[in-house]
1. Taking Pro137 as meeting all but one of (1) at pLDDT 95 or above; (2) out of contact with any strand residue (DSSP E or B) (no Cβ under 8 Å at 6 or more places or on another chain); (3) on the phi > 0 side of the Ramachandran plot, write down the number of the exception.
2. Hey, can you tell me all the residues within the stretch 162-206 that are of a type in the set (D, E, K, R), surrounded by fewer than 16 Cβ atoms within 10 Å (Cβ to Cβ) and within 16 Å of Asp141 (Cα to Cα)?
3. Val178 - would you say it is of a type in the set (A, V, I, L, M, F, W, C), closer than 26 Å to Glu254 by Cα and outside any helix (DSSP H, G or I)?
4. Scan the stretch 171-199 for residues that are free of Cβ contacts under 8 Å to residues at least 12 places away in the same chain and among the small types (Gly, Ala, Ser) and report the count.
5. Could you please give the count of residues in the stretch 222-242 that are of a type in the set (Asp, Glu), modelled with pLDDT of 95 or more and assigned to a loop (DSSP other than H, G, I, E, B)?
6. If you check every pair at least six apart or on different chains, which have Cβ atoms under 6 Å apart with a residue in the stretch 38-57 that is without any contact (Cβ under 8 Å) to a residue 40 or more places away in the chain first and a residue that is part of a loop (DSSP other than H, G, I, E, B) and surrounded by fewer than 19 Cβ atoms within 10 Å (Cβ to Cβ) second?
7. Please verify whether the stretch 200-213 includes one or more residues that are assigned to a strand (DSSP E or B), more than 17 Å from the chain's Cα centre (by Cα) and in contact (Cβ under 8 Å) with a residue 12 or more places away in the chain.
8. Taking the stated definitions as given, is Thr133 surrounded by 14 or more Cβ atoms within 10 Å (Cβ to Cβ), within 14 Å of Ala203 (Cβ to Cβ) and polar (S, T, N, Q)?
Amino acid sequence: MSILIRILAVVACVVLIIIIGLKIKPKPFPSYAGSASPPDTVPLPDNLPIPVERFYRTLYGERVPVIRSAILSGPARLRLGGIPFKGRYRFVHEAGQGYRHYIEATFFGLPLMKVNEFYLDGVGRIELPFGVTEDEPKINDAANLGLWAETVWFPALYITDPRVEWLPLDDATAALVVPFGEAKQTLIVRFDPATSLITHLEAMRFKGEDSPSRTRWIDEGVAWRELDGQLTMTTGAVTWMDEGSPWAVFEIEEMVLNADVSDYVKKHSL
């Protein structure tokens with residue numbers, strides 16, 4: 001019996017260590033060291049759908065900033081293989097053109113798994129510890145939807161990029177039509193009637209290169225607050241609806257706009 005008790009005690013200690021290790025938050029990434037430029041502004045355009053106009057007037061008033069790039073950094077909560085990890089991320093966007101995602105899942109605050117994901121020149125590339133996937137049609141399709149969904153963090157682009165179109169649906173919903181090469185993709189955008197802010201964007205999206213069909217996918221605006229003097233969606237949760245709960249939650253602690261990211265977006269490290 002004493003041997004069994006010892007085994008159970010060891011197992012309990014291991015489980016406790018794992019639980020503690022998964023709960024410890026990593027330190028933030030170092031701040032981006034490059035310089036950034038204050039954005040120019042343009043007038044708010046006419047003839048926007050009702051909820052879209054309310055949203056932009058709430059955020060910007062009569063003039064809208066012109067965003068050319070964005071660097072987003074902060075903590076993350078990730079569910080990988082059913083295990084909840086703390087993490088941290090840095091996303092680099094050439095606005096409306098491409099991105100790099102750098103994500104770390106951590107244990108005791110230290111990197112356990114690193115992910116680099118790129119979408120550049122219409123080509124998606126995912127670098128995982130166990131392999132690389134590149135330029136698969138379904139990955140490219142999903143990456144383009146991700147590019148435009150993440151633009152909700154600097155949503156001025158949705159009305160300053162002439163390739164983007166808003167279509168009315170009702171007083172709290174609009175369709176966002178975005179470019180995908182020579183084609184188009186559509187995201188449905190829902191607004192809170194009380195605050196006029198975006199509550200979530202959704203689309204039918206491929207989960208991977210082997211997905212037989214698309215899955216409903218939601219990018220939820222969990223929290224909006226002022227960041228550097230600008231009302232911003234500072235917490236976003238990403239959910240595949242066949243899973244029922246978010247697999248990732250990203251919080252913005254630092255956002256750098258209009259830096260030159262032409263080289264930085266192609267790197268594999270900070």
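The values are calculated or read from the model by the stated rules, or taken from the named source; none is laboratory data. Keep in mind that what you see is a predicted model, and the values were worked out from it rather than measured. Because the Cβ atoms are built from the backbone with ideal geometry, glycine has one as well, and the counts that use them run over all protein chains shown.
1. For Pro137, the exception is condition (3).
2. Glu182, Lys184
3. No.
4. 2
5. First, pick out the residues of the stretch 222-242 that are of a type in the set (Asp, Glu): 226, 228, 242.
From what is left, the residues that are modelled with pLDDT of 95 or more are 226, 242.
Pick out the ones that are also assigned to a loop (DSSP other than H, G, I, E, B) and you get 242.
Residues in the stretch 222-242 being of a type in the set (Asp, Glu), modelled with pLDDT of 95 or more and assigned to a loop (DSSP other than H, G, I, E, B): 1 in total.
6. Qualifying pairs under 6 Å: Asp40/Val66.
7. no
8. So Thr133 does not fit the description; no.
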